[in-house]
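Since the structure comes first, as structure tokens, the remarks are kept for the end.
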Amino acid sequence: MAALNYKHLRYFWMVAKTGSIARAAQQLHLTPQSISGQLTDFEATLGVKLLRRAGRNLELTDAGRRILSYAEEIFTIGDELLDALHEQSSQRTLPFRVGLADSVSKSVAYQLVEPALGLPEPVRLVCREGRLAALLAELAIHRLDMIIADRPMPTSLNVRGYSHLLGESGQTVFGAKRLISSLPGDFPALLDNAPFLLPGEDAVIRPKLLQWFEAHNLRPRIIGEFDDSALMKAFGKAGAGFFVAPTAIVESVCEQYKVEAIGRIDSVVEQIYAITTERRITHPAIVAISKVAQQDIFSPGKHP
């Protein structure tokens, strides 16, 4: 079976649209004889008659009308393809798909990811949030470029990936001003029997925090447990209870949630990892994130 000659198809399409070989020749900047010869070859290849004389004009045969409908669709799609390529070349963006483990502070995640938007090449950021296991499944099939998590990738999972330590931070306890003023004593004693908002079971720091309470003979009243750190802080802002967040972001937490820092727990350390499919980081956005993590957010001298 002969292959379709798209040049012949375009000549036929133009003749059908203009109604005559002469007008089609003007549009295509060819001679009428050239167009006529090409149409004859096209009809011979297809084995059907596409046009017939109707007075001084040409009209489509039944086969011609059927082929014209396909030609319209083919050339419309071709024009859409060219428009899409033109738009892509004029507005080229670098896709960057990030998975955020729900146990990671949203303030930390924002400060880490935000520099990626300042790259010389425009970045189209896509953020997905969820439990680490689900995010790793997305990473495995390359639907994510990176995951930000509070633990390295579990060795028990059959997923090809590498964990890159971005930094670590102790914890600071925060509370609304009216809650602090309503309780006697100093930190950490004032936490005993005080309302407290606890990170969810998936958070790495949760057992460490409970051990710290036990070691200091403190028994706060746990009034809520939260997988979503931002929701926990929102309740803390409303005065529902004290909560912890990384010391590395103490200023932004106080400013955003209108709370006060009452004390630090340096022994409860939270580590933040970037999990990628790359052994060596090369993605420009991930390079920028790693740089800001080490030089700014988790810099050892930032919170002495």
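Quick check on segment 158-170. Is at least one of its residues part of a loop (DSSP other than H, G, I, E, B), of a type in the set (Ser, Thr, Tyr), more than 20 Å from residue 93 (Cα to Cα) and not assigned by TED's automatic domain parsing to the domain that holds residue 194?
no
How many residues does segment 38-70 hold that are closer than 19 Å to residue 23 by Cα and either in a strand (DSSP E or B) or in contact with a Lys or Arg (Cβ under 8 Å, 6 or more places away or on another chain) (or both)?
10
Only one of 92, 151 is part of a loop (DSSP other than H, G, I, E, B) and either modelled with pLDDT of 85 or more or more than 19 Å from the chain's Cα centre (by Cα) (or both); which?
When all the criteria are applied, what remains is 151.
Taking residue 270 as the residue in question, decide whether it is on the phi < 0 side of the Ramachandran plot and either in contact (Cβ under 8 Å) with a residue 60 or more places away in the chain or in a helix (DSSP H, G or I) (or both).
Yes, satisfied.
Considering only segment 31-44, state which residues are surrounded by 16 or more Cβ atoms within 10 Å (Cβ to Cβ) and either modelled with pLDDT under 85 or among the aliphatic types (A, V, I, L, M) (or both).
35, 39
Table: residues versus (1) at pLDDT 80 or above; (2) within 29 Å of the chain's Cα centre (by Cα).
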{"site": "55", "(1), (2)": "no, no"}
{"site": "71", "(1), (2)": "yes, no"}
{"site": "84", "(1), (2)": "no, yes"}
{"site": "97", "(1), (2)": "yes, yes"}
{"site": "103", "(1), (2)": "yes, yes"}
{"site": "106", "(1), (2)": "yes, yes"}
{"site": "112", "(1), (2)": "yes, yes"}
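Looking at segment 62-86, which of its residues are without any contact (Cβ under 8 Å) to a residue 40 or more places away in the chain and either outside the structural domain of residue 19 (by TED's automatic domain parsing) or surrounded by 15 or more Cβ atoms within 10 Å (Cβ to Cβ) (or both)?
The one that is without any contact (Cβ under 8 Å) to a residue 40 or more places away in the chain and either outside the structural domain of residue 19 (by TED's automatic domain parsing) or surrounded by 15 or more Cβ atoms within 10 Å (Cβ to Cβ) (or both): 63.
Which one of these does residue 136 not meet: (1) in a loop (DSSP other than H, G, I, E, B); (2) of a type outside the set (Phe, Trp, Tyr); (3) touching a residue at least 40 places away in the same chain (Cβ under 8 Å)?
Exception for residue 136: condition (1).
The values are calculated or read from the model by the stated rules, or taken from the named source; none is laboratory data. All of these numbers come straight from a predicted model, not from anything done at the bench. Neighbour counts run over all protein chains shown; Cβ positions are idealised from the backbone, glycine included.
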